[in-house]
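Here's the structure we're looking at; comments come further down.
Here, each number is a calculation from the coordinates, and none is a lab measurement. What you see is a predicted model, and the numbers here were worked out from it, not measured in a lab. All Cβ positions, even for glycine, are placed from backbone atoms using ideal geometry, and neighbour counts span all protein chains on display.
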Amino acid sequence: MTERTLSGIGVTPLSGVGTVVWYRPDADLPEPPAPEDVDGDAELARFEDARAAAEDELEAERERTAERVGEEEAAVFDAHVQFLNDPQITDGVTDAIEGGLPAEHAVQETFSEFVEQFENMGGRMGERADDLRDVRDRLVRVLSDGERVDLSSLPEGSVVVAERLTPSDTAQLDPERVAGFVTVTGGRTSHAAIFARSLALPAIVGVGEELQSVEDGAEVVVDGESGDFVVDPSDERKEAAAAAADVDVRHESVETADGVEIEVAANIGTLADLGPAVDRGADGVGLFRTEFLFLDRESPPDEDEQYEAYVEALESFDGGRVVVRTLDIGGDKPVPYLDLPDEENPFLGERGIRRSLGPDADLFETQVRALLRAAASADGANLSVMLPLVSTVEELRAGRERFESVAADLDAEGVENELPEFGIMVETPAAAFMADQFAPHVDFFSIGTNDLAQYVMAAERGNERVSDLGDYRQPAVLRAIDATVSAAEGEDCWVGMCGEMAGDPDLTELLVGLGLDELSMSAVTVPQVKAAVAETDTADARELAERVLQADTKAEVAEILTLDQ
Amino acid sequence: MERTVTVVPEDGLHARPASQFVETANEFDADIQLGRADEDDLVPAASMLAVTGLGVGHDESVRLVAEGDDAEAALDALEDILSTPEAKQ
């Protein structure tokens with residue numbers, strides 16, 4: 001058999017070998033048989049069995065979610081059980097079966113009617129339509145008797161192939177058993193791509209319709225670096241992929257060739273990202289995006305739940321620093337229970353620290369309490385906190401005062417607490433321009449390059465038409481970084497970077513040369529960046545940075561960096 | 001037996017409050033229906049679809065109608081849910 005290569009966008013520098021499992025959650029049912037060929041009693045019995053099995057599944061998922069995430073999130077499964085057993089649904093399905101439809105078609109027809117009704121009502125009803133769809137798909141899956149793939153129990157070495165993968169799909173995937181995934185649609189910043197990077201899974205997105213020609217059960221190689229998806233690979237190809245998968249992970253901290261230690265940390269969103277971060281050798285966490293603790297649920301996590309999460313992150317690293325960013329809600333991160341206003345330009349609107357000091361003051365206070373308590377836990381000395389989207393010194397002061405006043409409240413209540421190391425994200429041009437004024441008030445800066453590039457270049461993230469402008473190799477972005485680092489020099493203020501740029505091993509030497517003390521990235525690129533740090537000589541790096549800062553175009557920046565390789 | 005109650009939870013009769021409401025309605029030996037206070041139509045309180053389908057929001061009023069042995073106890077329990085600001089844990 002000769003190998004065949006399809007190409008897409010590789011989203012992780014990892015390779016995997018495995019067997020294709022097609023995931024088609026919305027596959028059409030086959031045409032139903034003629035009504036006279038349908039045994040009504042047998043179909044009714046099948047429906048009753050399926051309903052019982054679906055209810056068992058839901059109860060189990062409810063338990064698992066209550067345990068792993070929380071009681072509040074688990075409540076959605078109660079609603080699913082109620083829809084499953086709703087008299088209007090069961091009557092509708094029974095009528096449809098008696099009218100001559102097989103059970104799965106009757107389920108599909110009955111639910112779809114209600115889904116449509118709810119969708120037409122709009123607003124909150126739209127969410128209920130999603131719940132109904134979930135219940136319908138579950139019943140149809142149970143009825144089709146395993147003909148539909150269950151993502152949570154795939155055989156070891158599966159390569160999941162799908163049109164697209166939604167957040168609820170990826171949440172079910174077990175990274176220990178999945179060798180990678182490949183999708184028809186999607187780009188570098190799609191949900192599936194970010195998920196792949198945080199769990200260190202080989203993945204390719206955006207392969208296009210040609211992917212449909214790959215058959216279930218085919219042996220494949222997923223090269224997440226080049227974006228090559230190889231069907232029926234040769235033995236040499238498989239060996240090469242297996243060798244590439246065997247990266248050299250350094251668990252100890254790393255120094256440049258001339259002995260300067262650079263902290264290489266991981267960005268995390270949820271506690272599920274901690275395992276991969278440790279496995280890939282991260283020294284700690286450079287960006288804990290705490291808003292992920294608040295998304296995809298019906299009410300915010302309480303103080304104790306947050307405290308547990310922060311302590312768990314601290315305990316995962318042997319003495320490694322954990323930088324927690326306070327809530328960054330707004331912009332592109334909707335939260336169902338917060339009733340966020342519709343803004344014309346959400347990225348320029350009320351988000352980040354602006355909400356924490358404004359409408360979300362209560363949420364912020366709860367988070368600050370949890371953080372101050374976590375700072376007094378066994379590994380609490382390693383905790384650092386930073387405020388997102390700061391653009392004025394007043395915001396910094398107000399944020400800091402909140403920490404101090406809440407600490408005083410906790411003292412008065414007799415609750416153990418400590419003030420953690422305190423910093424801000426530098427991601428607005430205002431913060432970069434004013435960095436010398438901010439530096440005396442903070443212990444550190446963390447440069448968020450995704451937003452910094454967007455705001456410096458006035459080029460929206462994720463808008464492909466302006467992606468060339470929003471590139472972090474634009475000279476203006478590099479100068480904003482240089483201005484920030486220079487402003488912190490001579491102050492007791494270290495400077496880190498979180499964002500895609502920090503995880504690009506081709507830029508590591510430049511970033512060391514610009515004077516960054518810490519680099520934080522998706523777990524997957526930690527080994528490559530650590531290797532790049534070890535090869536860097538700081539004197540050469542500084543000289544490189546000086547030349548790059550003189551470049552007048554992105555093309556020239558890229559050229560200097562390539563020649564240097 | 002009939003009662004008019006104002007819906008206090010932020011979410012209205014959705015999500016968690018709705019879920020609790022339907023669960024509670026199913027626990028009693030009574031035939032319970034509800035509707036918007038300003039409309040004549042009633043729907044079964046034991047149906048999640050019907051209850052959420054009413055689309056009742058925070059601060060709106062609903063009419064609860066119950067018949068059967070447990071009617072009074074059922075109305076008390078349901079009123080309690082509708083008048084509690086946050087759904088109980």
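Tabulated results
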item: Cα pair distances in the stretch A:469-565, grouped into 10 Å bins until the bin that holds the longest one, percent each; result: 16, 52, 30, 2
item: Stokes-Einstein D for the stretch A:257-563, Kirkwood Rh over Cα pairs, 4 °C, 1.567 mPa s (µm²/s); result: 66 µm²/s
item: Crossing angle, helix A:475-488 versus chain A [Cα axis fit, 0-90 degrees, rounded to tens]; result: 60 degrees
item: √(5λ) per eigenvalue of the Cα gyration tensor, the stretch A:230-314, largest first, Å; result: 33, 23, 9
item: Distribution of pairwise C-alpha distances over the stretch B:1-81, 10 Å bins, in %; result: 21, 61, 18, 0
item: Degrees separating the helix A:235-245 axis from the principal Cα axis of chain A, which is the longest one; result: 50 degrees
item: Quarter of the Cα convex hull surface for chain A, i.e. its orientation-mean projected area (nm²); result: 28.5 nm²
item: Within chain A, longest stretch clear of exposed GluC sites (Glu not before Pro) (DSSP loop, no more than 13 other Cβ within 10 Å); result: A:1-146
item: In Hz, Karplus ³J(HN,Hα) per residue of the stretch B:59-66 (6.51, -1.76, 1.60; θ = phi - 60°; x = Gly, Pro); result: 6, 8, 9, 10, 9, 10, 10, 10
item: Cα-based helix-to-principal-axis angle, A:393-413 vs chain A, degrees rounded to 10; result: 70 degrees
item: Sum of -39500 (n - 2.57) over DSSP H runs of 4+, divided by residues of chain A (222 nm, nearest 500); result: -14000 deg cm²/dmol
item: For the stretch A:2-139, with +1 on Lys and Arg beta carbons and -1 on Asp and Glu, the positive-most of A:Gln117, A:Thr12, A:Trp22 along the dipole; result: A:Thr12
item: Scaled radius of gyration (Cα, divided by 2.2 N^0.38 Å) that the stretch A:290-443 gives; result: 1.03
item: Lys/Arg +1, Asp/Glu -1 at C-beta; the stretch A:314-397 dipole; positive extreme among A:Leu372, A:Pro388, A:Ile353; result: A:Leu372
item: Reciprocal of mean inverse Cα separation for the stretch A:371-446 (Kirkwood radius, Å); result: 13.0 Å
item: DSSP-defined beta bridges in the protein assembly as shown - what % are antiparallel, rounded to 5; result: 40 percent
item: The stretch A:210-270: proportion of alpha-carbon pairs further apart than 15 angstrom, %; result: 68 percent
item: Summed side-chain charge close to A:Ile353 - residues other than A:Ile353 whose Cβ falls under 13 Å, Lys, Arg +1, Asp, Glu -1; result: -2
item: Cα centre as origin, Lys/Arg/Asp/Glu Cβ charges: the stretch A:27-94 dipole, Debye; result: 200 debye
item: Hz values of 3J(HN,Hα) by residue in the stretch A:281-292 - Karplus curve (6.51, -1.76, 1.60), Gly and Pro given as x; result: x, 5, 6, x, 10, x, 7, 9, 7, 5, 4, 5
